[in-house]
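Some notes on the structure that comes next.
The values are calculated or read from the model by the stated rules, or taken from the named source; none is laboratory data. Every value quoted in this text rests on a predicted model; they were computed, and no experiment measured them. Note: ideal-geometry Cβ built from the backbone for every residue, glycine included; neighbour counts use all protein chains shown. These area figures cover heavy atoms from the full protein model, side chains too; ligands, DNA and RNA do not enter into them. Shrake-Rupley method; radii C 1.70, N 1.55, O 1.52, S 1.80 Å.
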Amino acid sequence: MDARQMKIEAARAALAYVESGMRLGIGTGSTAEEFVRLLAEKVAAGLVIEGVPTSERTARLCVELGVPLKSLDELPELDLTIDGADEVDGALRLIKGGGGALLREKIVAASSQRMIVIADESKVVQTLGAFALPIEVNPFGLVSTRIQIEKTATRLGLSGALNLRQSEDGNFTTDGGHFIIDASFGRIPDAEALSIALNSIPGVVEHGLFINMATLAIIAGPSGARTLQANNT
């Protein structure tokens, strides 16, 4: 089973949790896109759902494939969100935002009764941080905000490059018009402390640490999909 097949397997297993009539948050990223493709097949076969996308990219794919969408303002409370992750640990803490949609992903997840994460085995880690932590920042005061992030990291015993994410056209810009700093800390022993500290920096709009948000993870490997619950790998 190659990497894409594992993503499809995780997405297929997650689809079993989707029931007709659900208000569904729909994630962003390569694994989430496999879920959208499978979801579209179910919708075409008669499944009734209303989806809220976590990015413009996901919205475009849903429209293309015929998945019905609403805005989060129209559906402010959701039954379930299904989304991918860049890293997941044994307590179901996540790093998300590799695709640049972390702010909307977190808003949608927080509006949901449940969040199911879909990923392949390569995303499961003992300690978060090998994947660079995306930190969404306001373009105003960028240099100042970056300095404050660096000071905060140092205070928590963290170090590593803080790289402003780039695109083909210059600085990468999120759907909300913000920039992203990718923090290569390598290892984050206290994700909760870092989350609180980053939230206290005025120029930080949001960060990619998702703590106490996921209720279940579906992890696909060469032998198939398994479920991961907090502290039970």
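Here are a few things to note about the model shown:
- Only one of the listed residues (51, 46) is touching a Gly at 6+ places or on another chain (Cβ under 8 Å) and not in a helix (DSSP H, G or I). That residue is 51.
- Taking region 102-118 as the range and being in a strand (DSSP E or B) and under 17 Å from residue 70 (Cβ atoms) as the test, the residues that pass are 112, 113.
- Of the set (1) in contact with a Lys or Arg (Cβ under 6 Å, 6 or more places away or on another chain); (2) in contact (Cβ under 8 Å) with a residue 40 or more places away in the chain, all apply to residue 83 but (1).
- Within region 135-170, the set of residues being part of a helix (DSSP H, G or I) and of a type in the set (A, V, I, L, M, F, W, C) comprises 142, 143, 147, 149, 153.
- Across region 2-20, the number of residues qualifying as hydrophobic (A, V, I, L, M, F, W, C), loosely packed, with under 14 Cβ neighbours inside 10 Å and not in a helix (DSSP H, G or I) comes to 1.
- Only a single item in (1) crowded, with 24+ Cβ neighbours inside 10 Å; (2) under 23 Å from residue 220 (Cβ atoms) is not met by residue 133, and it is number (2).
- A single member of 92, 72 is part of a loop (DSSP other than H, G, I, E, B), of a type in the set (A, V, I, L, M, F, W, C) and open to solvent by less than 30 Å² (accessible area, probe 1.4 Å), and it is 92.
- Selected residue [open to solvent by 30 Å² or more (accessible area, probe 1.4 Å) and at pLDDT below 95] from 171, 231: 231
- Selected residue (criterion: surrounded by the most Cβ atoms within 10 Å (Cβ to Cβ)) from residues of region 21-43 that are under 17 Å from the mean Cα position of the chain (by Cα) and part of a strand (DSSP E or B): 25
- The condition of being in a loop (DSSP other than H, G, I, E, B) and touching a helix residue (DSSP H, G or I) at 6+ places or on another chain (Cβ under 7 Å) holds for residue 85.
- Filter result for residue 161 (surrounded by 15 or more Cβ atoms within 10 Å (Cβ to Cβ) and of a type outside the set (Ser, Thr, Tyr)): no
- Looking across region 183-205, the residues that are open to solvent by 10 Å² or more (accessible area, probe 1.4 Å), part of a helix (DSSP H, G or I) and either without any contact (Cβ under 8 Å) to a residue 12 or more places away in the chain or not hydroxyl-bearing (Ser, Thr, Tyr) (or both) come down to 192, 193, 196, 197, 199.
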